[in-house]
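The values are calculated or read from the model by the stated rules, or taken from the named source; none is laboratory data. The structure presented is a predicted model; accordingly, all values stated were derived computationally and were not measured. Please note: Cβ atoms are built from the backbone with ideal geometry, for glycine as well, and neighbour counts cover all protein chains shown.
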Amino acid sequence: MTCLHCEDIEAIKRLKARYFRLMDTKQWDAWRELFTADFRGLYRGPHPDISYASREEFVTSNREILGPLVTVHHGHMPEITLSGPDTATGIWAMYDRVEMPGNRFEGYGHYHDEYRRVDGEWRIAAITLTRLRIAPLGD
């Protein structure tokens with residue numbers, strides 16, 4: 001692995017860190033810029049699957065659902081594979097905590113991401129979030 005590859009992997013890690021931070025701090029305009037124009041997404045888990053056909057649909061839905069809530073999202077143990085000079089994939093173990101009136105829970109699972117370099121910057125091209133467990137929290 002060359003130093004250039006190390007720089008790409010670190011750039012992708014920083015991209016995913018911004019994904020979590022900007023979502024939790026509700027900076028939706030900046031969050032939108034992390035995705036490619038042709039982004040697609042899928043959430044799988046104990047709940048019914050939710051699919052997103054576009055970046056706009058994904059950002060709008062998350063802003064409407066998560067905007068008023070207290071959320072904490074963490075990604076751990078990245079497995080990043082460079083699949084070409086401008087493409088990569090990544091798997092991240094995830095933990096999140098979501099608090100809304102009358103319902104608080106912790107979630108566990110994995111993000112399966114696709115990344116693409118666009119105009120010299122790494123962007124998220126696709127996300128599949130597979131939830132392994134959602135655990136309700138007491139008061």
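Brief remarks on what is shown
- Contact annotation: residue pairs with Cβ atoms under 6 Å, 6 or more positions apart or on different chains, pairing a residue in segment 4-16 that is closer than 10 Å to R123 by Cα with a partner that is among the hydroxyl-bearing types (S, T, Y) and surrounded by 17 or more Cβ atoms within 10 Å (Cβ to Cβ), are I12/Y115.
- Selection status of I124, touching a Leu at 6+ places or on another chain (Cβ under 9 Å) and of a type in the set (A, V, I, L, M, F, W, C): yes
One line per residue, one yes/no per condition, for (1) closer than 20 Å to R18 by Cβ; (2) outside any loop (DSSP other than H, G, I, E, B); (3) touching a strand residue (DSSP E or B) at 6+ places or on another chain (Cβ under 7 Å); (4) hydrophobic (A, V, I, L, M, F, W, C):
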residue	(1), (2), (3), (4)
W31	yes, yes, no, yes
T36	yes, yes, yes, no
Y43	yes, yes, yes, no
H47	no, no, no, no
V59	yes, yes, no, yes
H74	yes, yes, yes, no
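- Qualifying residues in segment 56-72 (those that are charged (D, E, K, R) and more than 14 Å from L42 (Cβ to Cβ)) - the one surrounded by the fewest Cβ atoms within 10 Å (Cβ to Cβ): E64
- Residues within segment 73-117 that are without any contact (Cβ under 8 Å) to a residue 60 or more places away in the chain, over 19 Å from F39 (Cβ atoms) and not hydrophobic (A, V, I, L, M, F, W, C), tallied: 15
- Hits in segment 93-139 (condition: part of a loop (DSSP other than H, G, I, E, B) and modelled with pLDDT of 95 or more): D119, G120
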